[in-house]
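First the structure, in the form of structure tokens, and then the observations on it.
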Ligand code: COA
């Protein structure tokens with residue numbers, strides 16, 4: 001199934017919903033129209049029981065997302081600027097709080113808001129031509145969609161400082177080396193690799209996968225002792241599911257599990 005809004009293309013197959021930011025002539029820069037459509041489509045994906053994994057990518061050969069739309073940013077007043085950042089942060093946070101894995105298939109430039117959007121995804125797969133950076137300081141601003149916070153959490157304070165202060169771009173291999181992306185694949189294969197990974201995830205217990213998202217994501221916000229308690233509680237909840245029974249029975253019977261998500 002392929003549906004539209006024209007700024008975000010929506011396709012669903014085998015439990016995987018792919019959202020493609022579709023402004024290739026502007027390197028998929030995030031203008032207010034794209035952000036509104038993303039917000040709506042992320043909400044739709046969250047509440048659609050037929051969707052198990054979401055993939056986000058960019059249209060065309062050159063860019064994932066080359067940042068927030070600079071034409072729009074240039075017009076912001078201080079009051080608008082604060083609202084713009086809060087709204088952008090809230091939309092990007094939807095990726096993190098979707099309750100389903102979100103895989104970024106990064107097929108070119110992931111700069112500014114594009115890098116920030118990728119940072120809020122569960123997993124990042126980059127093609128060899130991907131380039132990453134937080135170039136905001138070149139424009140006299142700082143990252144406003146969560147980059148100063150999530151980048152430091154993912155790759156460490158020193159590397160985040162370097163990227164955000166110098167505005168330098170790094171290539172896919174360097175992004176992989178510092179842990180910014182999970183995997184690098186040949187040009188043209190990022191979306192395919194994301195679908196493969198989605199398939200692997202969807203073969204597993206859906207409730208268990210949802211709890212993994214919570215245990216790791218929420219747990220990182222907690223002191224270790226509280227995170228461990230969260231893990232133990234979710235572990236205990238799994239024992240109440242028919243998925244656990246099915247997973248273990250399937251192993252003992254030497255057959256693939258057929259999870260019902262209950
Ligand atoms: N906002 C608005 N428009 C953008 C954009 C952005 N973030 N990034 C690219 N575009 C537009 C360009 O203005 C150009 O539009 P035009 O053809 O109407 O002039 C089109 O996309 C193609 O980009 P162009 O700059 O011609 O491509 P390039 O190959 O020479 O350079 C980049 C590619 C990514 C290096 C360059 O576009 C760039 O630096 N973009 C801005 C990145 C940025 O600072 N992002 C953070 C914003 S906070």
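Things worth noting here:
- Note on the chain: Rg/Rh from Cα positions, Kirkwood definition for Rh, rounded to two decimals, is 0.99.
- Exposure proxy order (Cβ contacts within 10 Å, fewest to most) of 121, 115, 164: 164, 121, 115
- Rel. contact order, % - alpha carbon contacts under 8 angstrom, at least six apart, the stretch 17-78: 53 percent
- Taking other C-beta atoms within 10 angstrom as a stand-in for reagent exposure, 197, 222, 244 fall in the order 222, 244, 197, fewest first.
- Exposure proxy order (Cβ contacts within 10 Å, fewest to most) of 185, 54: 185, 54
- Residues residue 250 and residue 153, FRET efficiency given R0 of 35 Å [Cβ-Cβ distance, rounded to 0.05]: 0.45
- Degrees separating the helix 78-96 axis from the principal Cα axis of the chain, which is the longest one: 30 degrees
- Principal-axis tilt of helix 190-202 within the chain, Cα atoms, nearest 10 degrees: 30 degrees
- Two-site FRET efficiency, residue 49 against residue 258, from Cβ-Cβ distance with R₀ of 22 Å, rounded to 0.05: 0.80
- Residue 224 versus residue 139: modelled label distance in nm, points set 7 Å from Cα along the beta carbon direction: 4.1 nm
- The stretch 151-262, relative contact order [Cα under 8 Å, separation at least 6], %: 18 percent
- Span from the the stretch 177-198 Cα centroid across to the the stretch 13-80 one, whole angstrom: 19 Å
- Over the chain, relative contact order from alpha-carbon pairs under 8 Å, at least 6 apart, %: 15 percent
- 0 to 90° range, to nearest 10: angle between helix 32-47 axis and the chain longest Cα axis: 0 degrees
Coordinate-derived values only; no laboratory data. In this text the structure is predicted, and so the values were computed from the model without any measurement. In this analysis, Cβ positions are derived from the backbone assuming ideal geometry, glycine residues included, and neighbour counts consider all displayed protein chains.
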